[in-house]
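The values are calculated or read from the model by the stated rules, or taken from the named source; none is laboratory data. This structure is a prediction, so every number in the text was calculated from the model and none was measured. Ideal geometry is used to build each Cβ from the backbone, glycine not excepted, and the neighbour counts take in all protein chains shown. Ligands, DNA and RNA are excluded from the accessible area calculation, which covers all protein heavy atoms including side chains. Shrake-Rupley method; radii C 1.70, N 1.55, O 1.52, S 1.80 Å.
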Amino acid sequence: MPLMLILGATSEIARACALRFAQEGWDLCLAGRRMDALQALAQELYAKTGRTVDCIKFDALDSSAHAELWASIEGRTDAVLCAVGLLGDQTAARHDIDAADRILRTNFTGLVPLLSMAADTFEQRQRGLIIGISSVAGDRGRGSNYLYGSAKAGFTAFLSGLRARLAPNGVHVLTVKPGLVASPMLEGRDLPRCLIVSPETTARDIANAVRKGRYTLYTPWYWRSIMFAVKHLPERLFVKLKT
């Protein structure tokens with residue numbers, strides 16, 4: 001049976017994706033920092049789907065351990081879904097270089113080593129699937145979250161480059177750009193409720209995009225139009241917005 005490795009498996013989007021792909025016939029390997037939470041999720045998924053679900057420890061900030069991790073599962077992994085993310089505290093990170101570095105590494109540079117290893121393996125096999133969950137925040141830097149946004153912009157560009165490199169070799173790379181998804185990340189923030197969707201909606205859109213062979217997915221669909229307008233707003237107007 002095909003096996004999907006899910007990085008950052010306890011996030012709300014990752015949990016919904018895990019259930020969706022397990023229901024579609026995938027076995028899973030859940031990766032994250034908290035083994036207790038991973039094991040609880042694994043038991044829940046097995047009870048609901050009957051699929052084989054393993055757990056493995058993964059920390060995006062501990063890149064020295066990534067080679068050993070990949071070597072342990074490389075031979076049986078057919079797909080990687082990366083759902084690691086950290087919004088962080090932009091205000092604090094403006095004056096705390098360690099906090100800023102944590103945002104950048106968690107959302108981008110800390111993910112490159114393992115995804116690069118997966119890319120090499122899949123390229124040699126001439127098949128494979130990489131799904132990277134980026135964000136609409138990476139489409140244009142905003143004053144309120146430019147560290148998170150710049151990390152996601154870098155991650156989006158990295159996935160685009162992987163796709164260009166791997167597509168001729170039968171490897172599919174999907175970049176996912178969610179808008180506002182209900183999660184602890186949004187708690188306490190003053191946001192338009194009409195734009196917030198469930199993780200299950202996002203997972204459904206991702207599964208459909210994989211099935212259709214899409215390269216980039218804005219989810220929900222209307223974020224493509226929203227971000228088109230945002231990206232083309234003149235800079236002299238954009239800097240005046242409270243974003």
Out of the residues in region 102-134 meeting the condition of being open to solvent by 10 Å² or more (accessible area, probe 1.4 Å) and within 24 Å of residue 208 (Cβ to Cβ), tell me which one is farthest from the chain's Cα centre (by Cα). 127
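Which of the residues spanning region 187-200 are part of a loop (DSSP other than H, G, I, E, B) and either modelled with pLDDT of 95 or more or in contact with a strand residue (DSSP E or B) (Cβ under 7 Å, 6 or more places away or on another chain) (or both)?
Once the filter is applied, which keeps residues that are part of a loop (DSSP other than H, G, I, E, B) and either modelled with pLDDT of 95 or more or in contact with a strand residue (DSSP E or B) (Cβ under 7 Å, 6 or more places away or on another chain) (or both), region 187-200 yields only 191.
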Scanning region 207-226 for residues that are surrounded by 13 or more Cβ atoms within 10 Å (Cβ to Cβ), of a type outside the set (Val, Ile, Thr) and in a helix (DSSP H, G or I) gives 207, 208, 209, 223, 224
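Based on what the data block shows, is residue 150 open to solvent by 20 Å² or more (accessible area, probe 1.4 Å), among the small types (Gly, Ala, Ser) and modelled with pLDDT of 95 or more?
So residue 150 fits the description; yes.
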Yes or no: residue 51 at pLDDT 95 or above, open to solvent by 10 Å² or more (accessible area, probe 1.4 Å) and not in a helix (DSSP H, G or I)? yes
Consider only pairs whose beta carbons are under 7 Å apart and that are at least six residues apart or on different chains; among these, list those whose first residue lies in region 65-89 and is more than 15 Å from residue 54 (Cβ to Cβ) and touching a residue at least 24 places away in the same chain (Cβ under 8 Å) and whose second residue is among the aromatic types (Phe, Trp, Tyr) and assigned to a helix (DSSP H, G or I). 87/148; 88/148
In a strand (DSSP E or B) and more than 13 Å from the chain's Cα centre (by Cα) - does that describe any residue in region 173-186? yes
